[in-house]
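Asker: Submitted below is the structure of interest, expressed as structure tokens.
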């Protein structure tokens, strides 16, 4: 697409939005401050670099066998850099503990140290990507059905120690990058069939969390994530939404809202204003759930649009953090990165372009028809011309042009991985 055409379309869009009191230049500046935390596990199907285990376990699974999966730390990093080059703006990188730079050494999870992520910290600085972090409770001989809620003291203490060490690593990451590293805690703990010990396991999980969070840090932020169920753990989840919402409110912790971790009829968007009254911040893990947590690539669908609109309407841009969380192995993995990231950006852009002042005026005056009419008309405003301009100003492909870049990278790089 020619630059002249993009600029002309943008100028028309700028005028259209100005008529409704929306400053597109201000919105473009806000988009520069909208940083996604790209999930490293899309590159290699959540395998990581440990020498301890084989296939995934612990309530999660990756489907598909598209060729070109990253096989080592260098290939993971190369794929992330390629994806980053096709996504406008500056972004973060979200690491799971199993992606440490172990250099071929078998390091068990209760022995992991900041030194195993020193090269990631340097890589982040070199590539202008700040780091976020996750403890990893799945795919380990001691995972089983229960980790932090395990009544076996030895196993529970193993996972407590693992998570404590992950927090210490996140602290070092935050200190090195001059910006807090957000560390997410999610465990798969649950039961495949009925249990008569629900309270017991939740008491154990609460005690584990209390021990883990006893140490206070200045350069990392904790967030805790619920789930409806894990594969093979369908009847009971220890860390339910009610459990973590209560714990976060009582302990002033950030909540992670994964869009796939709720009943399909629930509105994750509606949780934003409810939770922000009681917790300091929210972390989003955005994917596209089909029949719950199937981790499809994020697209610009109604639930995601609603979610980002609610964040803007709540005036919560400085209290919400944004990560992607899907692992689709059925299509080109770099393409999945780019499609999902740009879809999330488009949802945020459309939310920022909403003529909110006029809509609120209508609502305050009881003008329901006018509010509904403007909401509908806003859907057809030329927001896409503003996104094209955003891409152009960030020197990344505009429109569908990135498809050819992804295909060329596949031809030159990923197709040769065997």
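The values are calculated or read from the model by the stated rules, or taken from the named source; none is laboratory data. Note that the structure is a prediction, hence the values are computed from the model and not measured. Glycine gets a Cβ as well: all are built from the backbone with ideal geometry, and neighbour counts include every protein chain shown.
Asker: Tell me which residues, restricted to the range 71-109, are farther than 19 Å from residue 169 by Cβ and assigned to a loop (DSSP other than H, G, I, E, B).
Answerer: Once the filter is applied, which keeps residues that are farther than 19 Å from residue 169 by Cβ and assigned to a loop (DSSP other than H, G, I, E, B), the range 71-109 yields 71, 72, 85, 86, 87, 88, 89, 90, 91, 104.
Asker: Can you tell me which residue in the range 311-334 is surrounded by the fewest Cβ atoms within 10 Å (Cβ to Cβ), limited to those that are within 17 Å of the chain's Cα centre (by Cα) and in a helix (DSSP H, G or I)?
Answerer: Selected residue: 311.
Asker: So residue 198 passes all but one of these: (1) within 27 Å of residue 157 (Cβ to Cβ); (2) out of contact with any strand residue (DSSP E or B) (no Cβ under 9 Å at 6 or more places or on another chain); (3) surrounded by fewer than 19 Cβ atoms within 10 Å (Cβ to Cβ); (4) without any contact (Cβ under 8 Å) to a residue 60 or more places away in the chain. Which condition number does it fail?
Answerer: Residue 198 satisfies every listed condition except (2).
Asker: Now for a different question. Does the range 152-173 contain at least one residue that is part of a loop (DSSP other than H, G, I, E, B), over 24 Å from the mean Cα position of the chain (by Cα) and surrounded by fewer than 20 Cβ atoms within 10 Å (Cβ to Cβ)? Before you say what the answer is, go through the steps one by one.
Answerer: From the range 152-173, those part of a loop (DSSP other than H, G, I, E, B) are 152; that's our starting set.
Add one more test, that the residue is over 24 Å from the mean Cα position of the chain (by Cα), and what stays is 152.
In the following step, the residues that additionally are surrounded by fewer than 20 Cβ atoms within 10 Å (Cβ to Cβ) were identified as 152.
Within the range 152-173 (the criterion being part of a loop (DSSP other than H, G, I, E, B), over 24 Å from the mean Cα position of the chain (by Cα) and surrounded by fewer than 20 Cβ atoms within 10 Å (Cβ to Cβ)), the answer is yes, since at least one residue qualifies.
Asker: Still on this structure: Please verify whether the range 300-307 includes one or more residues that are closer than 18 Å to residue 391 by Cα, part of a loop (DSSP other than H, G, I, E, B) and out of contact with any strand residue (DSSP E or B) (no Cβ under 7 Å at 6 or more places or on another chain).
Answerer: yes
Asker: Can you tell me which residues in the range 263-279 are in a loop (DSSP other than H, G, I, E, B), surrounded by 18 or more Cβ atoms within 10 Å (Cβ to Cβ) and free of Cβ contacts under 8 Å to residues at least 40 places away in the same chain?
Answerer: 268, 279
Asker: When you go through 144, 104 one by one, which is the residue that is surrounded by fewer than 20 Cβ atoms within 10 Å (Cβ to Cβ) and closer than 30 Å to residue 197 by Cα? Can you show your working first?
Answerer: Values: 104 fails: closer than 30 Å to residue 197 by Cα.
None of the other options fit; the residue is 144.
Asker: Can you name the residue in the range 227-243 that is assigned to a loop (DSSP other than H, G, I, E, B) and either modelled with pLDDT under 90 or surrounded by fewer than 22 Cβ atoms within 10 Å (Cβ to Cβ) (or both) and, of all such residues, is farthest from the chain's Cα centre (by Cα)?
Answerer: Across the range 227-243, the extreme among qualifying residues is 235.
Asker: Out of curiosity, is residue 395 under 27 Å from the mean Cα position of the chain (by Cα), in a helix (DSSP H, G or I) and either modelled with pLDDT of 95 or more or crowded, with 23+ Cβ neighbours inside 10 Å (or both)?
Answerer: The answer is no for residue 395.
Asker: Could I ask something else about it? Given the criterion out of contact with any strand residue (DSSP E or B) (no Cβ under 8 Å at 6 or more places or on another chain) and over 20 Å from residue 12 (Cα atoms), identify the matching residue among 332, 384.
Answerer: 332
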